[in-house]
Each structure stands twice: as C-alpha cells, then as structure tokens.
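Take a look at the structure below.
The values are calculated or read from the model by the stated rules, or taken from the named source; none is laboratory data. Every value quoted in this text rests on a predicted model; they were computed, and no experiment measured them. Here Cβ is always computed from backbone atoms with ideal geometry, including for glycine, and neighbour counts include all displayed protein chains. To get the accessible areas, we keep the full protein, side chains included, count just its heavy atoms, and leave off ligands, DNA and RNA. Shrake-Rupley method; radii C 1.70, N 1.55, O 1.52, S 1.80 Å.
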Amino acid sequence: MAKNNLVRMDNIGIVVESLDDAVSFFTELGLSLEGRATIEGEWAGRVTGLGSQHVEVAMMVTPDGHSRLELSRFLTPPVKSDHRTAPVNALGYLRAMFTVENIDDTVARLSAHGAQLVGEVVQYENSYRLCYMRGTEGILIGLAEEIGHK
C-alpha cells in the first residue's frame, strides 16, 4: 500500500471581480485578512498554465487559524468564464462550508451585506442547522451550526 503524503489542505481559491467587496463579505462572515499581494511574472504563469499573468490576491483566515480562503482578481489575462451563478448541482466548484455559532445571526448579518439564502435554513436530525447563501458576486457558501455542542 502506498504511503499517504498529504499533510494538510492550505486553502481554497476563488476568483472575483472586486477584491475589496469579497474581503468585506468574508470579513463580515468572520474571517480575517491575513495579507494582500500582487502576483506576477513568468514563474506564476508556469504554475497556473496561463503564461504571463498579473493577479491581486487577498488571503483570508478562519478564527482558528487552520483554514484559508485565497481571493484572486485577475488583471491579466482576462477572465475566460463565469460560474458564479451556477446551480448547486453544476459540475466543478460548488461551495465552501463554514461552521458558525449562531446561524440566524450570521444569516442576518450577511443578508444586510447583500447575501441571499438559496433555499432555507433547515435542521438535519439533532446534529446541525444548515443553509446555503449566495454572497458578493454570487459566491455560494454553506453555513452549519452544530446543535447541542455549545
């Protein structure tokens, strides 16, 4: 049997039109801005396969410091396709799920930020309350509140 060499998952990346709006939205959710940078040069294009590129990046981190969300805005090359409003059963990126302490408060705060529930907040057995929301630029996120584990 082959040895598993996986150490951890470092981040999930999302391409956005407005880095400021996305940072603001995920800050409201509870992530912190870890840093912003501009990435360009031949080395970056070799990693992504895009050739010459110029990208603004913001790294967001969860309160526990273990999970990160990399938000990217491509200046060059131009964006080729847009999957932001794809339904939840579309192939490819679906959503990032976040555990929150109070789902009703989080939904209210994000709604005031322009986010919309996709369906409704539902309870799964005696374990979780769950929902999907579309935030800034139609980015789909999931929210989960553990029941009875507070």
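Can you tell me which residues in the stretch 32-49 are over 17 Å from Leu19 (Cβ atoms) and over 22 Å from the mean Cα position of the chain (by Cα)?
Gly41, Glu42, Trp43, Gly45, Arg46, Gly49
Please determine whether any residue of the stretch 7-26 is open to solvent by 70 Å² or more (accessible area, probe 1.4 Å) and polar (S, T, N, Q).
Scanning the stretch 7-26, I find no residue that is open to solvent by 70 Å² or more (accessible area, probe 1.4 Å) and polar (S, T, N, Q), so the answer is no.
Inside the stretch 82-109, can you point out the residues that are at pLDDT 85 or above, part of a loop (DSSP other than H, G, I, E, B) and over 17 Å from the mean Cα position of the chain (by Cα)?
Glu101, Asn102
If you check Gly148, Gly65, which single one turns out to be at pLDDT 90 or above and part of a loop (DSSP other than H, G, I, E, B)? Before the answer, list the steps.
Working: Gly148 fails: at pLDDT 90 or above.
Only one candidate qualifies: Gly65.
Tell me, yes or no, whether the stretch 25-32 has at least one residue that is touching a Phe, Trp or Tyr at 6+ places or on another chain (Cβ under 7 Å) and either closer than 20 Å to Leu110 by Cα or not acidic (Asp, Glu) (or both). Break it down stepwise before answering.
To start, the set of residues in the stretch 25-32 that are touching a Phe, Trp or Tyr at 6+ places or on another chain (Cβ under 7 Å) comprises 29.
From what is left, the residues that are either closer than 20 Å to Leu110 by Cα or not acidic (Asp, Glu) (or both) are 29.
Scanning the stretch 25-32, I find at least one residue that is touching a Phe, Trp or Tyr at 6+ places or on another chain (Cβ under 7 Å) and either closer than 20 Å to Leu110 by Cα or not acidic (Asp, Glu) (or both), so the answer is yes.
Could you please give the count of residues in the stretch 116-130 that are among the hydroxyl-bearing types (Ser, Thr, Tyr) and in a strand (DSSP E or B)?
First pass over the stretch 116-130, keeping only residues among the hydroxyl-bearing types (Ser, Thr, Tyr): 124, 127-128.
From the residues that got through so far, the ones that are in a strand (DSSP E or B) too are 124, 128.
Final tally of qualifying residues: 2.
Report yes if Met59 is open to solvent by 30 Å² or more (accessible area, probe 1.4 Å), at pLDDT 95 or above and closer than 23 Å to Glu17 by Cα, otherwise no.
Details: open to solvent by 30 Å² or more (accessible area, probe 1.4 Å): yes; at pLDDT 95 or above: yes; closer than 23 Å to Glu17 by Cα: yes.
The answer is yes for Met59.
Among the residues of the stretch 37-58, is there at least one that is within 17 Å of Glu137 (Cα to Cα), in contact with an Asp or Glu (Cβ under 9 Å, 6 or more places away or on another chain) and not in a loop (DSSP other than H, G, I, E, B)?
yes
Of the numbered conditions (1) hydrophobic (A, V, I, L, M, F, W, C); (2) over 28 Å from Arg8 (Cβ atoms); (3) in contact with a strand residue (DSSP E or B) (Cβ under 8 Å, 6 or more places away or on another chain), Leu143 fails exactly one; give the number of that condition.
Every listed condition holds for Leu143 apart from (2).
Of all residues in the stretch 94-121 being without any contact (Cβ under 8 Å) to a residue 12 or more places away in the chain and open to solvent by 80 Å² or more (accessible area, probe 1.4 Å), which is farthest from Ala58 (Cα to Cα)?
Glu120
Which of the residues belonging to the stretch 66-87 are surrounded by fewer than 12 Cβ atoms within 10 Å (Cβ to Cβ) and more than 23 Å from Glu56 (Cβ to Cβ)?
Correct list: His66, Pro87.
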